[in-house]
1. Of the residues that make up the range 44-59, is at least one modelled with pLDDT under 95 and surrounded by 13 or more Cβ atoms within 10 Å (Cβ to Cβ)?
2. Filter the range 44-59 for residues that are more than 16 Å from the chain's Cα centre (by Cα) and on the phi < 0 side of the Ramachandran plot and give the result.
3. Go through the range 65-90 and give me each residue that's over 21 Å from residue 30 (Cβ atoms) and in contact with a helix residue (DSSP H, G or I) (Cβ under 6 Å, 6 or more places away or on another chain).
4. Looking at (1) within 23 Å of residue 25 (Cα to Cα); (2) in contact with a strand residue (DSSP E or B) (Cβ under 9 Å, 6 or more places away or on another chain); (3) part of a loop (DSSP other than H, G, I, E, B), find the lone condition where residue 99 falls short.
5. Contact list please: Cβ distance under 7 Å, first residue in the range 61-78 and surrounded by fewer than 18 Cβ atoms within 10 Å (Cβ to Cβ), second residue assigned to a loop (DSSP other than H, G, I, E, B), pairs at least six apart or on different chains.
6. If you take the residues in the range 30-60 that are assigned to a strand (DSSP E or B) and touching a residue at least 12 places away in the same chain (Cβ under 8 Å), which one is nearest to residue 91 (Cα to Cα)?
7. Identify, from the list 13, 24, the residue that is modelled with pLDDT of 95 or more and not in a loop (DSSP other than H, G, I, E, B).
8. Yes or no: residue 13 loosely packed, with under 15 Cβ neighbours inside 10 Å and closer than 19 Å to residue 130 by Cβ?
């Protein structure tokens, strides 16, 4: 699926409270460092992982399921296998009537679940990473030496 930069930027700009399903407590796992990155951007991250219930990540207590989240979230970011997505999307739509976005991480896609969410007026992004897109669209890749606009042959 192809997404315009303006579509992705709109979604990223409005993120305030994100449930990260499948978050890890291992700092080298993408599901940890993406969630941490979002929290460092001022976004409230609600970590979801039944194996980590009760632990604290990013200053928030980990819950076991979306249905355990008391306050609304605007985005559900999914770090689970593609075949697990329909159940997660259905739970998200039931739990959060004002949900704005379902985001499926790199390698995660499910057209059936995406169609269900879209039919409810929820934006969907598949096979993308919000950390990568945020850095790309808001110029933060420069901090890592990328997209600096400088061309050099120096080693």
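1. Within the range 44-59, one or more residues are modelled with pLDDT under 95 and surrounded by 13 or more Cβ atoms within 10 Å (Cβ to Cβ).
2. Residues of the range 44-59 more than 16 Å from the chain's Cα centre (by Cα): 50-56, 59.
Scanning the range 44-59 gives 50, 51, 52, 53, 55, 56.
3. Result: 67, 86.
4. (1)
5. 61/54; 64/53; 72/96; 72/98
6. Step one: filter the range 30-60 for residues assigned to a strand (DSSP E or B), giving 44-48, 56-57, 60.
Now drop any that are not touching a residue at least 12 places away in the same chain (Cβ under 8 Å), which leaves 44-48, 57, 60.
On the way: 44: 20, 45: 18, 46: 15, 47: 15, 48: 13, 57: 22, 60: 21 Å.
Top of the filtered list is 48.
7. On the way: 24 fails: not in a loop (DSSP other than H, G, I, E, B).
The conditions single out 13.
8. On the way: loosely packed, with under 15 Cβ neighbours inside 10 Å: yes; closer than 19 Å to residue 130 by Cβ: yes.
Judged against the criteria, residue 13 is a match.
The values are calculated or read from the model by the stated rules, or taken from the named source; none is laboratory data. Just so we're clear, the structure is a prediction, and the values are computed from it rather than from any experiment. Cβ coordinates were reconstructed from backbone atoms using ideal geometry, including for glycine residues, and neighbour counts include every protein chain displayed.
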